[in-house]
Amino acid sequence: MTATEHASTATQSNWITRDYHAAAELAQAIADALRAAIGARGQALLAVSGGRSPLALFAALREQELPWERVTVLLADERCVPPDHADSNSALVREQLLQGRAAAASWQPFFGQLPGGDSADWSEAELAALADGANAALAALPWPLDVLVLGMGEDGHTASLFPASPGLEAALHSSARVAWVRPVAAAHSRLTLTLPTLLEAGSVFLPLAGAAKLAVFARASQGPQPELPISLVLHGARHPVQVWLTP
């Protein structure tokens with residue numbers, strides 16, 4: 001079924017909402033954006049989010065026909081866990097997205113070696129050093145992002161911009177690409193792309209499903225609210241955010 005497109009009715013119309021019924025529709029739109037970027041500059045930089053929500057999307061996206069060898073994939077955020085940990089977003093992307101046709105893409109993780117122990121116990125200096133390492137690893141990428149696929153939690157967080165959490169203020173305002181955040185209501189310390197990095201992306205996709213998340217989106221659409229970090233993306237992105245809605 002073809003996605004139904006309609007302009008947002010919010011006062012500040014910096015997004016477009018689309019109703020959709022199958023992950024293949026969203027995968028096609030993302031692939032089209034990647035093709036456009038490759039056509040414009042010969043390569044594409046794609047950032048994706050982890051978690052369980054994008055599994056169907058990854059399965060559809062990895063079979064899209066496009067020159068994947070010209071695509072570099074990275075994460076919008078990562079939990080500070082080893083790459084073989086059950087909660088690793090890197091493992092999820094490698095196992096669920098970078099397969100099939102998409103196996104030809106380049107993969108850029110945030111980190112390799114980690115300090116020992118639980119990241120919840122790491123000092124801010126250790127987290128800052130990890131973020132510095134990620135910034136060094138990502139420095140040579142062809143910024144800005146061409147395509148960014150975000151998620152959103154029912155608390156209004158996106159990437160790892162968690163409300164009222166240590167590290168959030170720096171992640172909202174830093175000129176660096178990556179910052180650390182220690183969520184107060186979620187497991188594991190995180191590395192996340194900073195808000196300025198998210199805002200400059202060429203195409204931003206935000207798939208949302210379920211009544212609870214649609215209610216958060218309705219609140220966020222009313223204006224920028226620091227307690228709802230997703231609202232800062234909706235109202236601040238350089239290009240209109242494409243919000244894909246499904247019941």
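The values are calculated or read from the model by the stated rules, or taken from the named source; none is laboratory data. Remember, it's a predicted structure, so these values are computed and weren't measured experimentally. Here the Cβ is made from the backbone with ideal geometry for all residues, glycine too, and neighbour counts use every protein chain on show.
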Restricting attention to segment 104-132, which residues are assigned to a helix (DSSP H, G or I) and either without any contact (Cβ under 8 Å) to a residue 12 or more places away in the chain or within 19 Å of P166 (Cβ to Cβ) (or both)?
S119, A120, D121, E124, A125, E126, L127, A128, A129, L130, A131, D132
Among R62, R35, which is the only one that is in contact with a Pro (Cβ under 9 Å, 6 or more places away or on another chain), modelled with pLDDT of 95 or more, more than 30 Å from L168 (Cβ to Cβ) and not aliphatic (A, V, I, L, M)?
R35
Could you please tell me which pairs satisfy a Cβ distance under 6 Å, a separation of 6+ or placement on different chains, a first residue in segment 35-49 that is within 25 Å of N89 (Cα to Cα), and a second residue that is assigned to a helix (DSSP H, G or I) and of a type outside the set (D, E, K, R)?
A44/L34; A44/A37; A44/I38
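If you check V149, V241, which single one turns out to be in contact (Cβ under 8 Å) with a residue 12 or more places away in the chain and over 12 Å from the mean Cα position of the chain (by Cα)? Write out each step before concluding.
Numbers: V149 fails: over 12 Å from the mean Cα position of the chain (by Cα).
Answer to the check: V241.
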How many of the residues in segment 39-68 are in a loop (DSSP other than H, G, I, E, B) and surrounded by 18 or more Cβ atoms within 10 Å (Cβ to Cβ)?
6
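Go through segment 52-69 and give me each residue that's among the hydrophobic types (A, V, I, L, M, F, W, C) and under 16 Å from V93 (Cα atoms). Show your work before the answer.
Initial filter on segment 52-69 (among the hydrophobic types (A, V, I, L, M, F, W, C)): 55-61, 66, 68.
The answer is L55, A56, L57, F58, A59, A60, L61, W68.
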Filter segment 224-247 for residues that are at pLDDT below 95 and out of contact with any Pro (no Cβ under 9 Å at 6 or more places or on another chain) and give the result.
P247
Being out of contact with any Lys or Arg (no Cβ under 9 Å at 6 or more places or on another chain), basic (K, R), touching a residue at least 12 places away in the same chain (Cβ under 8 Å) and outside any loop (DSSP other than H, G, I, E, B) narrows it down to one residue among R94, R101; which is it?
R94
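Within segment 161-175, track down each residue that is assigned to a loop (DSSP other than H, G, I, E, B) and more than 14 Å from S231 (Cα to Cα).
Quick first cut of segment 161-175, residues assigned to a loop (DSSP other than H, G, I, E, B) only: 162-167, 174-175.
Residues satisfying the conditions are A164, S165, P166, G167, S174, S175.
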Out of the residues in segment 100-127 that are among the polar types (S, T, N, Q) and out of contact with any helix residue (DSSP H, G or I) (no Cβ under 7 Å at 6 or more places or on another chain), which is nearest to L75 (Cα to Cα)?
S106
Filter result for the condition that a residue is at pLDDT below 95 and closer than 26 Å to V216 by Cβ, over D118, D77, D87:
D87
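Can you confirm whether R238 is surrounded by fewer than 20 Cβ atoms within 10 Å (Cβ to Cβ) and not polar (S, T, N, Q)?
Numbers: surrounded by fewer than 20 Cβ atoms within 10 Å (Cβ to Cβ): yes; not polar (S, T, N, Q): yes.
Yes.
Under the condition of being within 17 Å of V147 (Cβ to Cβ) and either at pLDDT below 95 or surrounded by fewer than 21 Cβ atoms within 10 Å (Cβ to Cβ) (or both), which residue from segment 197-212 is nearest to the chain's Cα centre (by Cα)? Please lay out each step first, then the result.
Step one: filter segment 197-212 for residues within 17 Å of V147 (Cβ to Cβ), giving 197-207.
Those still in the list that are either at pLDDT below 95 or surrounded by fewer than 21 Cβ atoms within 10 Å (Cβ to Cβ) (or both) too: 199-200, 202.
Values: L199: 11, E200: 13, G202: 13 Å.
Here the residue is L199.
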Can you confirm whether segment 221-235 contains a residue that is surrounded by 20 or more Cβ atoms within 10 Å (Cβ to Cβ) and among the small types (G, A, S)?
yes
